[in-house]
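Undergrad: Sharing a structure with you now.
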Amino acid sequence: MGKRKKSSRKPAAPRAKDPLDSTFTCLFCHHDKSVTVRIDRKEGVASLACKICDQRYQSKVNHLTEAVDIYSEWIDAAESAQKDDAPRRPAASSSRPQPTRAASAYDSDDD
C-alpha cells in the first residue's frame, strides 16, 4: 500500500531578504543608531560617521563590501589604536624594596 499521489506542488516563493543595517551604535559615545555608513562604490570608498560625537572613519571597498563590514573594520582599527596607545606595564617586581648599591659602599670600614 502506497501513499496517494499529490497533485503537483507550486514552486516555493523566494524568501524576502532582510536588508542589513546601515546604522550602528557608536563606540565612543554609546548612542544607538548614531553611526551611519555611506558606501560609494564608484569611488571605492566607504565613510562612517557618528552624528553625536562626530567620529569618522574611511576605508576602501570592493563589490562585496557591506555597511556591517565597514563597521567591523572600524571596531578593529579602534581596538588596535587603543592597544598601541596603552601604557606599558613595568616588569613584575616583588613588594620588598630593592637594596641600593650606594648604601653598601658606605658601610665598609676600610679606614
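Throughout, read-outs are computed from the coordinates displayed, never taken from laboratory work. Predicted, not measured: the structure shown is a model, and the values here were computed from it.
Undergrad: Can you run phi through the Karplus equation (6.51, -1.76, 1.60; θ = phi - 60°) for the range 69-76 and list ³J(HN,Hα) in whole Hz, with x for Gly and Pro?
TA: 5, 5, 4, 5, 5, 5, 4, 4
Undergrad: Once you keep just the Cα pairs under 8 angstrom separated by 6 or more residues, what percentage relative contact order results for the range 23-83? Can you show the working numbers first?
TA: Values: 86 pairs, mean separation 15.1, N = 61.
Relative contact order for the range 23-83 comes out at 25 percent.
Undergrad: Hey, what do the phi angles of the range 56-62 turn into as Karplus ³J(HN,Hα) couplings, whole Hz, using 6.51/-1.76/1.60 and θ = phi - 60°, x for Gly and Pro?
TA: 9, 8, 10, 8, 7, 10, 10
Undergrad: Over all directions, how big on average is the projection of the convex hull of the alpha-carbon atoms in the range 23-83, in square nanometres? Please list the in-between numbers first.
TA: Values: hull surface 15.6 nm².
Value for the range 23-83: 3.9 nm².
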